[in-house]
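Engineer: Here's a structure for you.
The values are calculated or read from the model by the stated rules, or taken from the named source; none is laboratory data. Predicted, not measured: the structure shown is a model, and the values here were computed from it. FYI the Cβ positions are ideal-geometry reconstructions off the backbone, even for glycines, and counts take in every protein chain you see. Quick note on the areas: whole protein, heavy atoms, side chains included, nothing else; ligands and nucleic acids left out. Shrake-Rupley method; radii C 1.70, N 1.55, O 1.52, S 1.80 Å.
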Amino acid sequence: MKKTETNSNETYRMTIGKTEIYGVSIQQLTDLHETIGTFIQREKAPFKYKTKSSDEYCIDIIKTISLESGEEDFSVEYSLDSFDIDMDCMSAKQMKRAANMMLKFLEKYEEDGNKKITWDTNDYPPETLGGINFEIQKDNRLSLFETTPCVTKYIKQGDFYKAKITYEIDVNEMKSRDLSFKEFIVLYRKLGDFLNNR
């Protein structure tokens, strides 16, 4: 994450649910609000993106066959290995399940996949939004790191449960808990209200 510059010694604490992010400047709060707004707006349309340069690394599939002294049956397992990732000790059945899951997940959620973003902030009028505990207060604690705000969306799916989508706020290398889209919208609006009423 890039470093930011602080224009003032005044810092704030954001309380999001039960988590705290402190040592946050007004500039960082403003940048966070703009980043969330941009994220919400751009995710719905075809958007520019970049991927990590790990495409160049080889992917290895390994089958291991062992026979221990005194045993009659072979032990067989499969592994998938690439730069910074590995899947070890899998059976052939698990490997096939993983391969099918990956293909189905990418078909739906890949950058050019068939999952269309259909929500809109207008689908969430303020009166229908319940309360996530979100507060901003002055706080003179300084953080060890001062980094630009970052917003991240996670899509997690298992073979026994449906996809779960959550959002995360990261400022000064301190992170919020996982937020639902509804909570994400509440945070965005409350942060905007704070900045407008300063």
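Engineer: To make sure I understand the rule: partners must be aspartates and glutamates, Cα under 13 Å from the Cα of K44, and not fewer than 8 residues away in the same chain. Which ones qualify?
Structural biologist: Those aspartates and glutamates meeting the cut-off are E111, D112, D120.
Engineer: Continuing with this model, one more query. When the accessible area of the chain is computed with all protein chains present and a 1.4 Å probe, what percentage of it is carbon and sulfur? Working shown, then result.
Structural biologist: On the way: 6930 of 14160 Å².
In the chain, the share of accessible area belonging to carbon and sulfur is 49 percent.
Engineer: Something else about it: Out of (1) 24; (2) 41; (3) 27, which label holds the value of percent of Cα pairs over 30 Å apart that was computed here?
Structural biologist: The calculated read-out lines up with (2).
Engineer: Loop only per DSSP, at most 16 neighbouring Cβ atoms within 10 Å: give me the chymotrypsin sites (Phe, Trp or Tyr not before Pro) in the stretch 30-96, ordered by residue number.
Structural biologist: Working: sites: F39, F47, Y49, Y57, F74, Y78, F83; in loops: F47, Y49, Y57, F74, F83.
Here the chymotrypsin sites (Phe, Trp or Tyr not before Pro) that fit, given the DSSP loop and packing criteria, are F47, Y49, Y57, F74, F83.
Engineer: Continuing with the same structure: Evaluate the charge dipole of the stretch 12-197 about its Cα centre and quote only its size in Debye, nearest 20, assuming +1 on the Cβ of each Lys and Arg and -1 on the Cβ of each Asp and Glu.
Structural biologist: Values: 26 positive and 33 negative charges, 203 e Å.
I would put it at about 980 debye.
Engineer: Put +1 on the Cβ of every Lys and Arg and -1 on every Asp and Glu Cβ in the chain; which of I16, T64, S82 then has its Cα farthest towards the positive end of the dipole?
Structural biologist: Result: I16, furthest along the dipole toward the positive end.
Engineer: I would also like to ask the following. Past the 24 Å Cα-Cα mark, which pairs from K48/K108; K108/K175; K50/K93; K153/K182? Present the calculation step by step, with values, prior to reporting the outcome.
Structural biologist: Numbers: K48/K108 18 Å; K108/K175 28 Å; K50/K93 33 Å; K153/K182 13 Å.
Pairs exceeding the cut-off: K108/K175; K50/K93.
Engineer: Okay, moving on. May I ask you to give the solvent-accessible area per residue for the chain, in square angstrom, as obtained with a 1.4 angstrom probe? Could the numbers behind the result be given before it?
Structural biologist: On the way: 14160 Å² over 198 residues.
I get 72 Å² per residue for the chain.
Engineer: Expressed in nm to one decimal, what extension gain is obtained for the pair T38 and N197 from 0.36 nm per residue of sequence separation less their Cα-Cα distance? Don't skip to the end; give the middle numbers.
Structural biologist: On the way: separation 159, 0.36 × 159 = 57.24 nm, distance 2.12 nm.
This chain segment gains 55.1 nm when fully extended.
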